[in-house]
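Student: To start, I am sharing the structure in question, which I have written as C-alpha cells.
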Amino acid sequence: MSDSASTVLTRDDDGGRPARTRRRGPIAVIVERFRRIITFVKQVVAELRKVIWPTRKELITYTSVVLVFVVIMVAIVSVYDFAFGQGVLKVFGDSSDS
C-alpha cells in the first residue's frame with residue numbers, strides 16, 4: 001500500500017482499464033516545462049528560416065502603398081465626418097446661435 005502514495009491512476013485513451021503512472025517531482029515538472037519552451041523556440045527559429053523576407057526595395061514599395069492608402073482613407077472619412085456634421089447642424093440647429 002505504500003506504493004499508492006507515489007502513483008496515480010489514469011485512464012487509457014480508449015477509456016479502458018486504469019493505467020498506473022508515476023507522479024513526477026516538482027523539479028521534473030520544471031525541467032519538462034523548460035524542455036517544452038526550448039523545443040518551441042527551436043521550432044519558431046526553424047519556421048522563420050523558411051520565410052522569404054522582402055528586399056529593401058519591396059519593403060519600401062509596400063510601405064509606401066500602405067501609407068498612401070491610409071492617407072486616402074483618412075481623407076474620405078474626414079470628408080464624410082464633416083459632411084454629416086454639417087448635416088446634423090442644419091437639421092437640429094446650431095446651439096451657439098443663441
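Student: Can you tell me which residue in segment 21-61 is nearest to the chain's Cα centre (by Cα), limited to those that are of a type in the set (V, I, T) and part of a loop (DSSP other than H, G, I, E, B)?
Tutor: So in segment 21-61, the residues of a type in the set (V, I, T) come out as 21, 27, 29-31, 37-39, 41, 44-45, 51-52, 55, 60-61.
Checking which are part of a loop (DSSP other than H, G, I, E, B) leaves us with 51-52, 55.
Working: V51: 18, I52: 21, T55: 26 Å.
Here the answer is V51.
Student: Let me ask another. Could you give me the residue pairs with C-beta distances under 9 Å whose first residue belongs to segment 43-60 and is open to solvent by 80 Å² or more (accessible area, probe 1.4 Å), whose second residue is at pLDDT 95 or above wherever it lies, and which are 6+ apart or on separate chains?
Tutor: W53/L59
Student: Identify the residue in segment 74-85 that is of a type outside the set (F, W, Y) and open to solvent by 80 Å² or more (accessible area, probe 1.4 Å) and, among all such residues, is nearest to the chain's Cα centre (by Cα). Walk me through it before giving the result.
Tutor: Within segment 74-85, the first condition is being of a type outside the set (F, W, Y), and the residues that meet it are 74-79, 81, 83, 85.
This time we only want the ones that are open to solvent by 80 Å² or more (accessible area, probe 1.4 Å), so: 74, 77, 79, 81.
Working: V74: 27, V77: 28, V79: 34, D81: 32 Å.
Looking at the filtered set, the residue picked out is V74.
Student: Just checking, how many residues over segment 62-97 are assigned to a loop (DSSP other than H, G, I, E, B) and either of a type in the set (V, I, T) or at pLDDT 95 or above (or both)?
Tutor: Filtering segment 62-97 down to residues assigned to a loop (DSSP other than H, G, I, E, B) leaves 93-94.
Now restrict to residues that are either of a type in the set (V, I, T) or at pLDDT 95 or above (or both): none.
Result for segment 62-97: 0.
The values are calculated or read from the model by the stated rules, or taken from the named source; none is laboratory data. All figures in this text were calculated on a predicted structure; none of them were measured in a lab. Please note: Cβ atoms are built from the backbone with ideal geometry, for glycine as well, and neighbour counts cover all protein chains shown. For the accessible areas, the whole protein counts, side chains as well, though only heavy atoms, and no ligand, DNA or RNA atoms are used. Shrake-Rupley method; radii C 1.70, N 1.55, O 1.52, S 1.80 Å.
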